[in-house]
1. Name every residue in the range 148-178 that is without any contact (Cβ under 8 Å) to a residue 40 or more places away in the chain and either surrounded by fewer than 19 Cβ atoms within 10 Å (Cβ to Cβ) or more than 16 Å from the ligand (Cβ to nearest atom) (or both), in order of residue number.
2. Any chance you could count how many residues in the range 106-145 are under 16 Å from Gln89 (Cα atoms) and touching a helix residue (DSSP H, G or I) at 6+ places or on another chain (Cβ under 7 Å)?
3. Name the residue, out of Val87, Val30, Val99, that is within 14 Å of the chain's Cα centre (by Cα) and away from the ligand (no atom under 16 Å from the Cβ).
4. Give all pairs with beta carbons closer than 7 Å in which a residue from the range 56-74 that is more than 19 Å from Val31 (Cα to Cα) and of a type in the set (Val, Ile, Thr) meets a residue that is part of a loop (DSSP other than H, G, I, E, B) and modelled with pLDDT under 95; count only pairs at least 6 apart in sequence or on separate chains.
Amino acid sequence: MDTPEPLLKIRDLHVGYGKKPILRGASYDVVPGECLTLLGANGSGKSTSMNAICGFVRPSAGSVLFDGQETAGLPPHRIFALGIAQVSQARDLFPDLTVEDNLRLGAMRRGGKELTQTLAHIYDRFPRLKERRKQATRTLSGGEQQMVAIGRALMSRPRLLLLDEPSGGLSPQFCEEIARIIDTLKEDGVTMLMVEQNLNLAFRAADRFIVLRDGEVVDGGDVRAMAGDHDAIVRNIYL
Ligand SMILES: Nc1ncnc2c1ncn2[C@@H]1O[C@H](COP(=O)(O)OP(=O)(O)OP(=O)(O)O)[C@@H](O)[C@H]1O
């Protein structure tokens, strides 16, 4: 079978803060329809990688090609307009706004019928949000707020969804729910790049993984091909 053309191609990416190098020549691809998870110890550059893709930090060298277009150095709003949406660790919701108002904010300039259809689709995927659509977002559980954050990112109909620690601070039961949400997003054809410290969730939800160490890719492969034997990957992350 031919390998599909990557949706995202990262090549020899270098990012640093001040004089401190964080990403030191990372290269990897994300292919359409997959969920790729970025693994690595604390401080290995996972969130920095996400932030560079979204334009929140500027690479000092290298290339980020999204659907063939160079995006390294573009401002975040231009990258968002091309179809890359991020659910950050902080979630960045407006706690006093209702669930529905938070979701609508994700639609940006889309309006009318398209917005109504997208909202209906998100409520179909997240019935708990439909039930709570008129509640202030601060009254929701942490897991439900994570659903709002994912739903809001989906309102822009992204072609690439970046998930930074979707399990962050949530219960083990909710991690299973996140894995189910990722499955449904895959059914909808959403391509995802995920950072996840919870390795059970990462291996349950992702199709492929890469391991970053000191800003370089040191391992990677197909999750299913590991047949549940993840010890070697875990050693590569932490040793
Ligand atoms: N804005 C910043 N200014 C200076 N240093 C930063 C900044 N953001 C991150 N760093 C540093 O860059 C390094 C990599 O951070 P990054 O958040 O990318 O790591 P990570 O792999 O996502 O780690 P974690 O798993 O702990 O979230 C860390 O040492 C961090 O302190």
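1. Within the range 148-178, the first condition is being without any contact (Cβ under 8 Å) to a residue 40 or more places away in the chain, and the residues that meet it are 167, 169-178.
Within the range 148-178, Gly169, Ser171, Pro172, Gln173, Phe174, Cys175, Glu176, Glu177, Ile178 meet the criteria.
2. Within the range 106-145, the subset under 16 Å from Gln89 (Cα atoms) is 141-145.
Applying the additional criterion that residues be touching a helix residue (DSSP H, G or I) at 6+ places or on another chain (Cβ under 7 Å) yields 143-145.
Within the range 106-145, residues that are under 16 Å from Gln89 (Cα atoms) and touching a helix residue (DSSP H, G or I) at 6+ places or on another chain (Cβ under 7 Å) number 3.
3. Details: Val87 fails: away from the ligand (no atom under 16 Å from the Cβ); Val99 fails: within 14 Å of the chain's Cα centre (by Cα).
None of the other options fit; the residue is Val30.
4. Listed pairs, sorted by first residue: none to list.
Residues checked against (1) surrounded by 21 or more Cβ atoms within 10 Å (Cβ to Cβ); (2) within 16 Å of the ligand (Cβ to nearest atom); (3) at pLDDT below 95:
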residue	(1), (2), (3)
Leu7	yes, no, no
Val15	yes, yes, no
Ser47	no, yes, yes
Pro75	no, no, no
Ala81	no, no, yes
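The values are calculated or read from the model by the stated rules, or taken from the named source; none is laboratory data. Model, not experiment: these values are computed from the prediction. Using ideal geometry, Cβ is built from the backbone for each residue, glycine included, and neighbour counts are taken over all protein chains shown.
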